[in-house]
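Notes to accompany the following structure.
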Amino acid sequence: MAVDRPVPFLGFGIGLRREHYREILEGEPRCDFFEAISENYMEVGGRAREVLLAVRERFPLVLHGVSLSIGSTDPLDTGYLRALRALAEDVAPEWVSDHLCWTGVGGHNAHDLLPLPYTEEALAHVVERVRRVQDALGRRIALENVSSYMTYRASEMPEWEFVARVAEGADCGLLFDVNNIFVSGHNHGFDPRTYLEAIPPERVWQIHLAGPSERGALLLDTHDSPVRDEVWELYRLALLRFGPVSTILERDDHIPPLAEVLAERDHAARIADHPDRRSPNRGSPTGGQVCDP
């Protein structure tokens, strides 16, 4: 499927993590590009900045933030935006992304990616803030759908409609996290394929894949385990809908050796080669049989 996007297709990569610095710098990892956490390198010199620039010399790079708090009612942090713009000008990433969420209010940081109420008021608020962020950075950004463990009684639309309308209204991209729609679908009882079908393909710049943890009846987006079979199947369906999309494998806890992360990257590339084929494991995103689209 051909999709007209404003960003290049970078292939299949992994998150840049300190545990893998040495192997990446000294070897030739089979990786098409890397994703760096913006906050780890903003206003930072020394070894971290040296590694980031060394990686950027050899590979395409994207920046991914966790502190923009685009949905908060607090004023946008102009100091943060200046530092992010300076980092982007220094390393020239292919694009910059963050999360469609809020992380605090009243100057207090919750240290979590909290979901928004899906209302017309919240939609207008976020769209206006995304436009201001893009003006401040001098570039368009991509926003990632987050996993969630709660909903708001005030919500007026499903999450997938809200996400799509933010992207259209702010003229920004989407970082489509396949694991997050699986996690939220499990936690809230919706079919993640419904979410998938509502997302405009031309807005999807990048995909995330990761593994969740089980906490009783809930799934948590912990990025500390291998990608589940159900998420691989959702990824296949996503590629059938979106066409080729730059894909990153994430590990943020219990980080295994580089070879293990790259093996999952390789599996993503194999699925992308033949997304029309059923995944070897026929696990369902919702526990039942998955039908071909």
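Each reported figure results from applying straightforward, stated rules to the coordinates on display, with no laboratory input. Model, not experiment: these values are computed from the prediction. Because the Cβ atoms are built from the backbone with ideal geometry, glycine has one as well, and the counts that use them run over all protein chains shown.
Structural remarks
- Look at T222, T247, T103, T194 and count the other Cβ atoms within 10 Å of each Cβ; fewest to most, that gives T194, T222, T103, T247.
- Ranking L220, A268, V105 by Cα position along the charge dipole of the stretch 12-273, where only Lys, Arg, Asp and Glu carry charges on their C-beta atoms, puts V105 farthest toward the positive end.
- Cβ-defined net charge surrounding E260, 11 Å radius [Lys, Arg +1; Asp, Glu -1]: 0
- Counting DSSP beta bridges with both ends in the chain, the antiparallel % (nearest 5): 20 percent
- Charge sum, other residues only, whose C-beta stays under 14 Å from A83's C-beta, Lys/Arg counted +1 and Asp/Glu -1: -3
- Taking the inverse of the mean 1/r over every pair of distinct Cα atoms in the chain gives a Kirkwood hydrodynamic radius of 19.4 Å.
- Modelled label reach - S155, point 7 Å along Cα→Cβ, the stretch 188-209 residues with backbone N closer than 18 Å: 188-200
- Both radii come from the Cα set of the stretch 1-102: Rg as radius of gyration, Rh as Kirkwood radius; their ratio Rg/Rh reads 1.00.
- Measuring nothing but how far apart in sequence close Cα pairs (under 8 Å, 6+ apart) lie, relative to its length, the chain scores a relative contact order of 19 percent.
- Sparse-neighbour loop sites [GluC sites (Glu not before Pro); the stretch 14-111; at most 13 other C-beta within 10 Å; DSSP]: E43
- Theoretical gain in end-to-end length, R278 to Q134 [0.36 nm per residue, Cα-Cα removed]: 47.9 nm
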